[in-house]
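The values are calculated or read from the model by the stated rules, or taken from the named source; none is laboratory data. Please read these numbers as outputs of a predicted model, since none were measured by experiment. Here the Cβ positions follow ideal geometry from the backbone for every residue, glycine too, while neighbour counts run over all protein chains shown. Please note that ligands, DNA and RNA were not included when accessible areas were found on the heavy atoms of the full protein model with its side chains. Shrake-Rupley method; radii C 1.70, N 1.55, O 1.52, S 1.80 Å.
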Amino acid sequence: MVSAAKRFLSFAALAAVLYGVPAAAQGGRITGFVRDPQAAALSGVVIRATNQATGTIRRATSASDGGYTVTDLAPGAYTVTASLPGLRSASQKDVQVTAGGAASVDFVLNPVMLQAVTVTAMLREQELAAVPFSIAAPTEQALRLRGAENIEQIAANVAGFSVQNLGPGQSQAAIRGASSGQIARDQPGVKEEVGAYLDGAVISLSLFTPDLDLFDVGRVEVLRGPQGTLFGAGSVSGTVRYISNQPELGVNDNVNGTDRAGFRAALRLAPSAKFNVTPRVVYQELKADGWNRIDAFNILANPYTTTRDSITLGERQQFTQIREPFADKFLLADVNLQYDLGSTKLTSITSYTHRDILVVRDATALTASVTGGTIGLPAAIYMLDSPLNDATISKVWTQEVRLSGARDRLRWVVGGFYSTNTRDYGQDLSDIGFDTAAAPLLGAPYGFTQGLRAPKDHLFWSNLHNDLKQGALFGEATYSATPQLDLTAGLRYYNFTEDRGLIFDGIFTNNNTGSALVTDTGTTKADGVVPRFIASYKVSDAVTLNAQASRGFRLGGINDPLNYPNCQGTDSATFSGRPTWKDQTVWNYEAGVKSRLFGGRGSLNVSAFYMDIRNLQLNVTAGSCSSRLVFNAAKARSQGVEFEVTATPNEYLDFSFSAALNDSKLQSTDTTGNVNVISGIQAGNRLPSVPQLQMTGALTYGWNVSQGSRLSITGSFQHVGSRFTAINDLGVGVCGTGVTSCPFGMVDMNKFAEDGGATICGPLTDSLFIFKAELPAYTLLNVRVGLKRAGWEVGVFANNLTDERALLALDRERGARARVGFLTNQPRTMGVSLRFDY
């Protein structure tokens, strides 16, 4: 890392010598006045003068008479911009400044029109309305007004984008219904379905999608549908890109602290007008004291026991015997090099990402279901505290180099990508005192729990190492066949290899009377091509029709062995014999219209899509085995409609509304060459984690209370329809003898005794616990009152105004045999925020 950074800085210094840095000259200035359409002076207007050759920025603020002066300007051409909250910004290019001279620029600021957002979804700058496929790009200001502070709340404000909250720092994103359901921590080989980027750097990691603080983020781009051509394997259903505010030449300090104990530092060096280099470091540390979980049932705390205190859990309660902390350290270091070759532009992005994640779970209920339920040991043993430590360390190097250019009617980009990804994952389940207490009852010698790797009293210990290498070549070109018709074609070739090494140890690994070390290695490889075709027809200046066919892919992987001692009944036979899973592929077909309304004061976007999914990777719980696997379902589909409207009818109102209807289903029951229904994998079942209906809307009313001051009131809502957490939730429950109908959500608490073990905390007053696996729809309301000046803003907010209790995901242990809970949202939250611009 240090040597790489030194090389880049040395290269920058050399470039500065080669190209030469102009010597300081006597400063010039730009002066002028700013007025409204009625010729009244406007004070507090921020004036920015940007040197068009070097990018250096100088600022000034208009006085009470509307006058301003920007001083200390090097000779050259400048772009001058004037902005004030509530009014439309104005700018003028090619303002010439001479040494010691003065230029004059006056501005008239009109009421704000619909904001024009520039995005880089096709790796080149375009206005949002010009991108020929479905994309949303809420700005940082829009998200703040709607109370969005994390990736889950971003998803609630974007049609067709959903995020499943699986605990602190653990989220799973899905776009357009192409979802495999819940990913667990002990599945390090599972790949992400939605690619995540911070600017040009890859930050994707399955389950642990970084929940970056939105401070200093200019916008979030959500690219719907497969983005495999330009963004690769992790973007089978779409891509999410955090676009940060870039460092400005002439600004020395760009370090921003957050309440997540993080910072961002970036430096832009421009030795010449053609070459610039931007090294950056992003660090964020997230800590949580517990899980946002509501427990519905715990085998150690239920209302049916006669041998322990009967416990009925309340609406916002959970049962744990120990604390469950979470820690996530995220580090990103990257360097962005750009060189203007005249007709082409060279871009190189080198990035290194390091994640260090520790999840602590209270596994007492899970352990008790084995030691007390399956084995039948007494309460003094199965009630021992059992913390389960899950540790993940991920290290990712990526290198992307691309050339882009435009000539006549052709715009194009070609490039190459390479990455190495090592992920070390380990579990350690301790049950201190178990060895001494259980040895006499099991007829085992003292120290029988100690293995070759597992210490005494550590019932399960694992270490998994995944090493993934992938490379790709890609290209895409847009040809303007006529002034109205643009045709785009792209192709990506990919090749990947993954090696996995595994060590399991502890008595939960092999048998119940001794410890045996389990080791396993495996390799999986794949390559392929990913095309994309787009046609965009401009009916008029206000209406554009778009159509697209694109292919996406998700890399396969290697399953872990089952924890056979925990398996009951036929589960070991049902879930054995599945060493690997295949690549998932998607063909996406979509058509849409983008239009401007009310003379540029509004927009209306509508798109319809159909996704043909093959070898869908479904994450399943292996019944009683306390293991999780990935199955390939041969065929599935997702189809739907997305609708977005925004409007700024006058200088006081700003309105937005979006909705997505999604119908995603399995079309095949076949998982291994037969038609047996396993874990809910049945034709006609809904794909998990995605709502059929999602809506969001916001209304802002703002007015100027004085020159340079604007007061605003914003109300927003997010509605998320019903959904399932995992495909298992559409399968069967924990069924007892003689039960003819047993859907998932029904748990027979005497099942352990039926299978030769013992009923925990029994005899029980009732044998069945019943819960609803389908997560109900919910609606959240947020309100914010803000006062904005040119240099600062204060806001008073109330999020989740009605204190809605939303169930975000189902959380279960040992297939619901040990514990059932739900991840929930934050209750009503009120506060004050203060921001400064500099």
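Do the conditions hold for Gly552, that is, is it open to solvent by less than 50 Å² (accessible area, probe 1.4 Å), under 27 Å from Gln470 (Cβ atoms) and assigned to a strand (DSSP E or B)?
Working: open to solvent by less than 50 Å² (accessible area, probe 1.4 Å): yes; under 27 Å from Gln470 (Cβ atoms): yes; assigned to a strand (DSSP E or B): yes.
Spelling it out, Gly552 is indeed open to solvent by less than 50 Å² (accessible area, probe 1.4 Å), under 27 Å from Gln470 (Cβ atoms) and assigned to a strand (DSSP E or B).
Return a yes/no flag: does the range 331-346 have any residue that is part of a loop (DSSP other than H, G, I, E, B), closer than 23 Å to Gln170 by Cβ and under 19 Å from the mean Cα position of the chain (by Cα). If you could, list the steps in order and put the result at the bottom.
Going through the range 331-346, the residues part of a loop (DSSP other than H, G, I, E, B) turn out to be 341-343.
Subset that is closer than 23 Å to Gln170 by Cβ: none.
Looking for residues that are part of a loop (DSSP other than H, G, I, E, B), closer than 23 Å to Gln170 by Cβ and under 19 Å from the mean Cα position of the chain (by Cα), one finds none in the range 331-346, hence no.
Being part of a loop (DSSP other than H, G, I, E, B) and in contact with a Ser or Thr (Cβ under 7 Å, 6 or more places away or on another chain) is the filter here; which residues of the range 189-213 pass it?
Residues of the range 189-213 part of a loop (DSSP other than H, G, I, E, B): 189-193, 199-200, 203-207, 209-213.
Scanning the range 189-213 gives Val190, Lys191, Glu192, Glu193, Asp199, Ile203, Leu205, Thr209, Asp211, Asp213.
Just the residues that are touching a strand residue (DSSP E or B) at 6+ places or on another chain (Cβ under 9 Å) and either closer than 30 Å to Arg146 by Cβ or in a loop (DSSP other than H, G, I, E, B) (or both), please, taken from the range 744-771.
Initial filter on the range 744-771 (touching a strand residue (DSSP E or B) at 6+ places or on another chain (Cβ under 9 Å)): 744-751, 754, 760-765, 767-771.
Scanning the range 744-771 gives Phe744, Gly745, Met749, Asn750, Ile760, Cys761, Gly762, Pro763, Thr765, Ser767, Phe771.
Tell me, which residue of the range 581-612 that is under 26 Å from the mean Cα position of the chain (by Cα) and open to solvent by 60 Å² or more (accessible area, probe 1.4 Å) is farthest from Val539 (Cα to Cα)?
Lys582
Filter the range 83-100 for residues that are within 20 Å of Asn650 (Cα to Cα) and either polar (S, T, N, Q) or assigned to a strand (DSSP E or B) (or both) and give the result.
Keep residues of the range 83-100 that are within 20 Å of Asn650 (Cα to Cα), which gives 83-90.
Those that are within 20 Å of Asn650 (Cα to Cα) and either polar (S, T, N, Q) or assigned to a strand (DSSP E or B) (or both): Ser83, Leu87, Ser89, Ala90.
Look through Asn605, Asn566 and report the one residue that is modelled with pLDDT of 90 or more and of a type outside the set (Gly, Ala, Ser).
Values: Asn566 fails: modelled with pLDDT of 90 or more.
Step by step, each of Asn605, Asn566 is checked, and only Asn605 is modelled with pLDDT of 90 or more and of a type outside the set (Gly, Ala, Ser).
I need the full set of residues from the range 371-410 which are within 16 Å of Trp461 (Cα to Cα) and either out of contact with any helix residue (DSSP H, G or I) (no Cβ under 7 Å at 6 or more places or on another chain) or modelled with pLDDT under 95 (or both), in order please.
Kept after step one, since they are within 16 Å of Trp461 (Cα to Cα), are these residues of the range 371-410: 386-392.
Passing the criteria: Pro387, Leu388, Asn389, Asp390, Ala391, Thr392.
Out of everything in the range 121-164 that is of a type in the set (S, T, N, Q) and not in a helix (DSSP H, G or I), what residue ends up being modelled with the lowest pLDDT? Working first, answer last.
If we filter the range 121-164 for residues that are of a type in the set (S, T, N, Q), which is where we start, we get 126, 134, 139, 141, 150, 153, 157, 162, 164.
This time we only want the ones that are not in a helix (DSSP H, G or I), so: 126, 134, 139, 150, 157, 162, 164.
Values: Gln126: 83, Ser134: 87, Thr139: 81, Asn150: 78, Asn157: 81, Ser162: 83, Gln164: 81.
In this case the residue turns out to be Asn150.
Restricting the range 258-267 to residues that are closer than 28 Å to Ala136 by Cα and open to solvent by 60 Å² or more (accessible area, probe 1.4 Å), which is modelled with the lowest pLDDT?
Asp259
Restricting to the range 747-784, and then to whatever is among the basic types (Lys, Arg) and under 26 Å from Phe717 (Cα atoms), can you tell me which residue is most open to solvent (accessible area, probe 1.4 Å)? Even if it seems obvious, please write down each step before you answer.
First, the residues of the range 747-784 that are among the basic types (Lys, Arg): 751, 772, 784.
Next cut, under 26 Å from Phe717 (Cα atoms) only: 772, 784.
Details: Lys772: 142, Arg784: 11 Å².
Restricting to residues being among the basic types (Lys, Arg) and under 26 Å from Phe717 (Cα atoms), the top hit is Lys772.
Any idea which of Ala368, Ala333, Ala327, Ala380 is under 28 Å from Lys469 (Cβ atoms) and not aromatic (Phe, Trp, Tyr)? Outline the logic, then answer.
Values: Ala368 fails: under 28 Å from Lys469 (Cβ atoms); Ala327 fails: under 28 Å from Lys469 (Cβ atoms); Ala380 fails: under 28 Å from Lys469 (Cβ atoms).
Just a single option satisfies the conditions, and that option is Ala333.
Looking only at the range 620-670, which residues are over 30 Å from Thr700 (Cα atoms) and aromatic (Phe, Trp, Tyr)?
Filtering the range 620-670 for residues over 30 Å from Thr700 (Cα atoms) gives 620-639, 663-670.
Phe631 - this is the single residue of the range 620-670 that is over 30 Å from Thr700 (Cα atoms) and aromatic (Phe, Trp, Tyr).
Which residues, taken from the range 165-188, are within 10 Å of the chain's Cα centre (by Cα) and part of a loop (DSSP other than H, G, I, E, B)?
Residues of the range 165-188 within 10 Å of the chain's Cα centre (by Cα): 170-174.
Residue satisfying the conditions is Gln170 alone.
Quick check on the range 787-800: of everything there that is at pLDDT 90 or above and more than 25 Å from the chain's Cα centre (by Cα), which residue is surrounded by the most Cβ atoms within 10 Å (Cβ to Cβ)? Spell out the reasoning first.
Of the residues in the range 787-800, the ones at pLDDT 90 or above are 787, 794-800.
The next check asks that each one be more than 25 Å from the chain's Cα centre (by Cα); those that pass are 787, 794-796.
Working: Leu787: 15, Val794: 13, Gly795: 19, Val796: 13.
Only one residue tops the list, namely Gly795.
Quick one: which residue in Asn615, Asn650 is out of contact with any Leu (no Cβ under 9 Å at 6 or more places or on another chain), part of a loop (DSSP other than H, G, I, E, B) and open to solvent by 30 Å² or more (accessible area, probe 1.4 Å)? Walk me through how you get there before you give the answer.
Values: Asn615 fails: part of a loop (DSSP other than H, G, I, E, B).
Every option except Asn650 fails the conditions.
Here are the criteria: (1) open to solvent by less than 20 Å² (accessible area, probe 1.4 Å); (2) over 30 Å from Ala174 (Cβ atoms). Tell me which single one Gly731 does not satisfy.
(2)
Please tell me if Ala659 is touching a strand residue (DSSP E or B) at 6+ places or on another chain (Cβ under 7 Å), part of a loop (DSSP other than H, G, I, E, B) and modelled with pLDDT of 85 or more. Before you say what the answer is, go through the steps one by one.
On the way: touching a strand residue (DSSP E or B) at 6+ places or on another chain (Cβ under 7 Å): yes; part of a loop (DSSP other than H, G, I, E, B): no; modelled with pLDDT of 85 or more: yes.
The answer is no for Ala659.
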